Amino acid sequence: MKFKNLAAFAVSIAAVATMSGCAAASEKEDIMQDNNITDSLPPEQLPPVTDTPEQLPPEEEAPSAPVVKPEVKTAAYISVTADGVNLRTGAGTNYTVVGSAEKNTLYSLLGEENGWYMTKYKDKTVYLSKKYCVTVDLPSSANKTVEAVISEGSKFLGVPYVYGATRLHDGKGNMLKGFTTAKFDCSSLMQYIFYKGAGQLLDVTTRTQVVQGVTVKKSDL
């Protein structure tokens, strides 16, 4: 009787253990199935990772001020392209010839009339045919006095050189008798044009005139 009871008790425990094992196995299988289901799901769609920094729109630059080039003043001259070009008293071949122009000589351009250029020759107004001339623009000084001296000198192209020509004044502003613009030597011409163009009194000889001014560098000429 006791043996039967023990056998029954053992069978009961075995049944419970078997059922527990089945339940655990079933639970494990369910977990594995759940994991398989999770693994089979498509991965979450994320934006691709890149090392390139975000491109920002370029900053607008402030407009720069326009570059203003300094104005270069010029003086107009006539350059003769042939030798023996007639200088006439008027703008036409019917006017009197008063001289001839040398090739490459520069004359002040004072005007234009009917195909002729107007200039000065021996301190008189004359005309050159445009057929034998070209115009040249040369840089001019910002100092009007300098340009006035040059203008005075250019009027006397064609005046003969005469050594010892009478000066305009004695170096102190006292006018001398016998002076004429029909002839010059170096120092008398310089004395005259500086007096007329700049109101400056120069001495009567080149040796003394050269020490009256200020030395100028060649690069500043």
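For the stretch 176-221, residues that are modelled with pLDDT of 95 or more, under 43 Å from the mean Cα position of the chain (by Cα) and outside any helix (DSSP H, G or I) total 4. Within the stretch 83-100, the set of residues being farther than 8 Å from residue 127 by Cα, surrounded by 13 or more Cβ atoms within 10 Å (Cβ to Cβ) and touching a Lys or Arg at 6+ places or on another chain (Cβ under 9 Å) comprises 85, 95, 98, 99.
Residues being within 28 Å of residue 146 (Cα to Cα) and either without any contact (Cβ under 8 Å) to a residue 40 or more places away in the chain or of a type in the set (Lys, Arg) (or both) are entirely absent from the stretch 81-91. For residue 193, the conditions (1) of a type in the set (A, V, I, L, M); (2) crowded, with 16+ Cβ neighbours inside 10 Å; (3) in contact with a strand residue (DSSP E or B) (Cβ under 9 Å, 6 or more places away or on another chain) all hold with the exception of (3). Filtering the stretch 124-144 to residues that are modelled with pLDDT of 95 or more and closer than 23 Å to residue 181 by Cβ leaves 124, 125, 126, 127, 128.
The residues of the stretch 182-221 that are closer than 21 Å to residue 158 by Cβ and basic (Lys, Arg), listed by number, are 183, 196. Across the stretch 130-150, the qualifying residues are those that are surrounded by fewer than 17 Cβ atoms within 10 Å (Cβ to Cβ) and farther than 27 Å from residue 213 by Cβ, and the one among them that is farthest from the chain's Cα centre (by Cα) is 131.
The values are calculated or read from the model by the stated rules, or taken from the named source; none is laboratory data. Values in this document were obtained by computation on a predicted structure and should not be read as measured data. Don't worry about glycine lacking a Cβ; one is built from the backbone with ideal geometry, like all the others, and counts go over all protein chains shown.
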